[in-house]
Amino acid sequence: MGEQNRLVVRPMNKIVTIPAGGNLLDAFLAEGIELPVLCNKNGSCGKCRVIVRAPANSVTGVERLSLGEGLTASEGYRLACKTEILGSGEIVVPVESREDFLEGVYWGRELATVKAGTFPYPVDRVPARGAYAAALDLGTTTLTGYLFDHRGALASHCSCVNPTALYGSDVISRMASFQQGAEDFARVRSGMLRGVGRVLQTLFARSAGTEWSGDASARLERVAFCGNTIMQHILLGVNPLEIGLFPYAPMIRNLLRKDAADIPGLASAGIAGSTEVVLSPSVWGFIGGDAVCGVAATELHRASEPALLLDIGTNGEMVLAGRGGLFAFSASAGPAFEGYRIGSGMRAVAGAIDRIDIDARLAVSYRVIGEGRPRGLCGTGAVAAVAALLRAGALTERGHIRPARTTDRIGRNRFVIATADETSTGMPIVFTDKDVEVVQQAKAAFAAGITALLRQAGLEASRLRRIFIAGSFGSRADAENLKIIGLIPQGIEAEIVPVGNAAGLGCSALLLSSAAERAVVDVACRMQAVDAASLRDFEDIFLEGLFFRHAAYQE
């Protein structure tokens, strides 16, 4: 073994040892120090920012592009994924890289339902007195958990970043990261199980101070999971690589009920072998148990008039109820609506800007979650930035920011939302043409999917009566902003109903209700997946969705 260098990591006050030339991010991960990385360590997401006060390799071109010359030259900022340590010293993890992975405050409206116990299905499967049951939504970017006691009452809840996000921002890139062999898949699955264990540990710690231990894990009587098809396969230890190949069929489709001992490796998440595991059924390679649970939670399958469920997340599923059928579509939108791939992006936690306004005099105002100083922009904030620029006539139809004559906050290709002296980080929060493009791609994916579903069902846009907006993004999304940016296509005048984490609510119902289980199975059987590849003009629909038509009306 070569010479080991010693790094002091602040403010955690952890000691990390690393060989000369070793990758800093790899060393962090080995010591359990997690950073919000979503790019398979290629530097494109720019989220693993650190301040390096130790001998290291030269700043790379990728870092200069992501961080800018100012930060790398004067402040010592680097990307951990691109830093090779050459000697001992100190590493500072700045506040923007230290998101509290378990303290998301953007809890959706599903939480009120869960807390009140007003599920749309009777609760008849509660754990024994002194035991607990848990429901986990395995989101592509975020893991969300709910813990219930013997009365079926909510004991605690929490969320954390899905550790598999390190290997790619969406399910396709994540599958590509383990296509080389079993070892790569094992690494991704290990991250998934680590995240599940972390959620369960926090749920128990928050429930009357119960610590997660062998005794505590034995008190977990049952746990239900839902997620997209890829995440569910990873959880079970089944390599989903074939799902990426035509005809995109899942290897495990039906509702699953097993003891944890019968699922290899699940013990590493701290789940006792006697714990019953329930997994929601899937429909197709990219329509998973989260979509099924979301439909059951909103009772979309019982809708008397045409209605649509939009789960706005990384692997955005949408389901249309109309003409007696359930039509489902998956839009790979990327993590923009969860605050990632945005230059100043972050999760919807304290310090994130979630609302932006530009008045007639082009003065900028914003709202911050937690009401402190801002330190970044969450997904709803990114959408609000685009909508505000469109309203102000400062964004072209193709997505380029126009410079304003009366303010220097709106310049060529950049919009300064908060100046350096306004933020908690001392760095300005800037929205650029590159950020607009990320939102543009994501909203076009959803708009095209909605249009495709309506055509598949033979419905006019005007006949749609209700749209359920699900996901953490949908909890506080401004309906008018969604229309202005074009995520909801023109001609739709449906009532928009935010429902929060519908998948998490449905998974909780699946955990606690036999009637909900029957509904979930029925929904999975009835749902018809619509494949973009089978639609003759889908590419044209998507390309049309890239334009900001509201800008054209402003001109």
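Okay, here's what the table says:
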{"item": "Subset of segment 267-276 [touching a Leu at 6+ places or on another chain (Cβ under 7 Å) and outside any loop (DSSP other than H, G, I, E, B)]", "result": "268, 269"}
{"item": "The lone exception for residue 407 - which of (1) assigned by TED's automatic domain parsing to the domain that holds residue 392; (2) within 21 Å of the chain's Cα centre (by Cα); (3) of a type in the set (Ser, Thr, Tyr) it fails", "result": "(2)"}
{"item": "Check on residue 457, over 17 Å from residue 311 (Cα atoms), surrounded by fewer than 24 Cβ atoms within 10 Å (Cβ to Cβ) and in contact with a Lys or Arg (Cβ under 7 Å, 6 or more places away or on another chain)", "result": "yes"}
{"item": "Residue that is farthest from residue 516 (Cα to Cα) [pool: residues in segment 286-306 that are in a loop (DSSP other than H, G, I, E, B) and touching an Asp or Glu at 6+ places or on another chain (Cβ under 9 Å)]", "result": "286"}
{"item": "Matching residues in segment 430-461 - criterion: being outside any helix (DSSP H, G or I) and assigned by TED's automatic domain parsing to the domain that holds residue 533", "result": "458, 459, 460"}
{"item": "Selection count where residues are outside any helix (DSSP H, G or I) and aromatic (Phe, Trp, Tyr), scope segment 501-550", "result": "2"}
{"item": "Test for residue 73: is it more than 26 Å from residue 351 (Cα to Cα), exposed (fewer than 15 other Cβ atoms within 10 Å of the Cβ) and modelled with pLDDT under 85", "result": "yes"}
{"item": "Scope segment 188-204; condition out of contact with any strand residue (DSSP E or B) (no Cβ under 8 Å at 6 or more places or on another chain) and either in contact (Cβ under 8 Å) with a residue 60 or more places away in the chain or of a type in the set (Lys, Arg) (or both); matching residues", "result": "189, 190, 193, 194, 197, 201"}
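The values are calculated or read from the model by the stated rules, or taken from the named source; none is laboratory data. The model shown is predicted, which means the values in this text are computed figures rather than measured ones. Neighbour counts are summed over all protein chains in view; Cβ atoms, including those assigned to glycine, are modelled from backbone coordinates with ideal geometry.
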